[in-house]
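K.L.:
Just passing along the structure, written as structure tokens.
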Amino acid sequence: MQDIDPRALLRATFDAAVKAADPTHGMRANLPKKPKGRTIVVGAGKASAQMAAVLENLWDGPLEGVVVTRYGFGAPCRQIEIIEASHPVPDAAGLIASRRLLETVKGLTEDDLVIALISGGGSALLPSPATGLTLTDEVAVNEALLVSGAPISAMNTIRKHISTIKGGRLAAAAHPAKVVSFLISDIPGDNPAFVASGPTVADHASRRDALGLINAYGIPLPDAVMAHLNSDFADSLKPDDPRFRTNETFVVASAAVSLEAAAAEARRHGIEALILSDSVEGESRDVASVHAAIAREIATRNRPFRKPVLLLSGGETTVTLRAKGKGGRNSEFLLSFALGINGFDGIHAIAADTDGIDGSEDNAGAFADGGTIERMRKADTDAKAMLTQNNTWTAFDSINELLVTGPTGTNVNDFRAILVR
């Protein structure tokens, strides 16, 4: 351990996690048989363009179709069209993309095959307002959800009940063609119906469940949206719908696999690694406080785990916005964590989003250790004030401790690694 630079080790575990989220192996192992008719590709998410490129390399035969990804996340494809749109707030390009996907699967037969490439971020990239609603309404819903503090499963339950493409509706539109979905899961627990709000996978949630969540989290939504949710028109498709009978779904990358790869990388360097959970949810700063308490306990009392040790966790935390600062849930976690370990030697951490973008800025996340807060103080940065203002990107930028990777081509959500030496 003496010869290992802590930050280099943390970065190596992050890189191992991202590499393990490459969907190639899972897609290759589950490729469907070639159909008698056409093979149509549709997709949405921050990793969908890279998944399309992988599929083109794996598929021995003609392909056609379209996928939508975030601006700047495209990948070169020969047969599949790539559309870029806005994330995390929908825009007109996403609306056009949704219409294109629905048009692409229209009029298919049972001799045709649809391959759906779905990853996190697809909810915002596929705006398709229900009858009587507009793109402006869907934008308002997304903006309200992003500041609500609700977990991703709750947000996607609401989203799919105001959409004509989510909640299995894209797959229903493709009937009677068989739909095979490849998913990169960014959802705690890996429920396929929640990835990108399940355009090809339905679940049992109802509009009443959506209304209950809106009430529970106090989410203010436009009157038109509430009127829709209170009508029978908002009722969702269910998994036992006969149109889904022949469909198949495969999760080809997930946080669980990525965390195992990160643990193996740490052990390769002689450091024991423990996975706390791959499905952590909750307010970012509160989750950080718990992680910090565990790290302090190990550092001072060598319990509940003996040092040196690397603690790993994944999932998707949330940020309840109290101000309009720059940052994302990982930098929010890390600044709160840094405050919790302030002055403790031998504790180092990384928190980053595996897609390469934390929030709305250009960083994946950041690094922190027991001296981070003092370095911020010397840079005239008030860490507590920055956390209060949700201005965590600015805090880490002031001491050059941001992690910038660019788009990674995958998305299995948050990655956190804490090294206690």
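The values are calculated or read from the model by the stated rules, or taken from the named source; none is laboratory data. Nothing here was measured: the structure is a model prediction, and the numbers come from that model. Methodologically, a virtual Cβ is constructed for each residue, glycine included, from the backbone with ideal geometry; neighbour enumeration extends over all protein chains shown.
K.L.:
Given the criteria at negative phi, outside any loop (DSSP other than H, G, I, E, B), touching a helix residue (DSSP H, G or I) at 6+ places or on another chain (Cβ under 8 Å) and not assigned by TED's automatic domain parsing to the domain that holds residue 89, does residue 385 qualify?
P.N.:
no
K.L.:
If you take the residues in the stretch 178-192 that are crowded, with 24+ Cβ neighbours inside 10 Å and of a type in the set (Gly, Ala, Ser), which one is nearest to residue 124 (Cα to Cα)?
P.N.:
Looking at the filtered set, the residue picked out is 185.
K.L.:
How many residues are farther than 19 Å from residue 51 by Cα and not in a helix (DSSP H, G or I) when one looks only at the stretch 9-36?
P.N.:
Counting residues in the stretch 9-36 that are farther than 19 Å from residue 51 by Cα and not in a helix (DSSP H, G or I) gives 2.
K.L.:
When the residues of the stretch 227-241 are narrowed to those that are outside any loop (DSSP other than H, G, I, E, B) and at pLDDT below 95, which ends up surrounded by the fewest Cβ atoms within 10 Å (Cβ to Cβ)?
P.N.:
Ranking the candidates gives 232 first.
K.L.:
Taking residue 353 and the conditions (1) surrounded by fewer than 24 Cβ atoms within 10 Å (Cβ to Cβ); (2) at pLDDT 95 or above; (3) farther than 26 Å from residue 270 by Cβ, which numbered condition does it fall short on, given that it satisfies the others?
P.N.:
(1)
K.L.:
Right, here's the next one. For the stretch 34-66: of the residues being more than 19 Å from residue 103 (Cβ to Cβ) and touching a Gly at 6+ places or on another chain (Cβ under 8 Å), which is surrounded by the most Cβ atoms within 10 Å (Cβ to Cβ)?
P.N.:
47
K.L.:
Same structure, new question: Residues in the stretch 128-141 that are in contact with a strand residue (DSSP E or B) (Cβ under 8 Å, 6 or more places away or on another chain) and either of a type in the set (Gly, Ala, Ser) or crowded, with 23+ Cβ neighbours inside 10 Å (or both): how many?
P.N.:
4
K.L.:
If you don't mind, there's one more thing I want to ask. I'd like the full set of residues that are in contact with an Asp or Glu (Cβ under 9 Å, 6 or more places away or on another chain) and in a helix (DSSP H, G or I), limited to the stretch 389-421.
P.N.:
Those that are in contact with an Asp or Glu (Cβ under 9 Å, 6 or more places away or on another chain) and in a helix (DSSP H, G or I): 392, 393, 395, 397.
K.L.:
Looking for whichever is surrounded by fewer than 24 Cβ atoms within 10 Å (Cβ to Cβ), part of a helix (DSSP H, G or I), in the same structural domain as residue 122 (by TED's automatic domain parsing) and hydrophobic (A, V, I, L, M, F, W, C) here; the options are 205, 196, 224. Which one fits?
P.N.:
Residue meeting the stated conditions: 224.
K.L.:
Continuing with this model, one more query. Look through 97, 92 and report the one residue that is touching a residue at least 40 places away in the same chain (Cβ under 8 Å) and under 25 Å from residue 38 (Cα atoms).
P.N.:
Among 97, 92, only 97 is touching a residue at least 40 places away in the same chain (Cβ under 8 Å) and under 25 Å from residue 38 (Cα atoms).
K.L.:
Additional query: For the subset of the stretch 8-29 comprising residues that are modelled with pLDDT of 95 or more and surrounded by fewer than 15 Cβ atoms within 10 Å (Cβ to Cβ), which member is nearest to residue 266 (Cα to Cα)?
P.N.:
8
K.L.:
Based on what the data block shows, is residue 234 small (Gly, Ala, Ser) and over 30 Å from residue 308 (Cα atoms)?
P.N.:
On the way: small (Gly, Ala, Ser): yes; over 30 Å from residue 308 (Cα atoms): yes.
Taking the combined requirement at face value, the residue satisfies it.
K.L.:
Now for a separate question. Looking at the stretch 142-168, which of the residues that are among the β-branched types (Val, Ile, Thr) and surrounded by fewer than 24 Cβ atoms within 10 Å (Cβ to Cβ) is nearest to residue 119 (Cα to Cα)?
P.N.:
Selected residue: 152.
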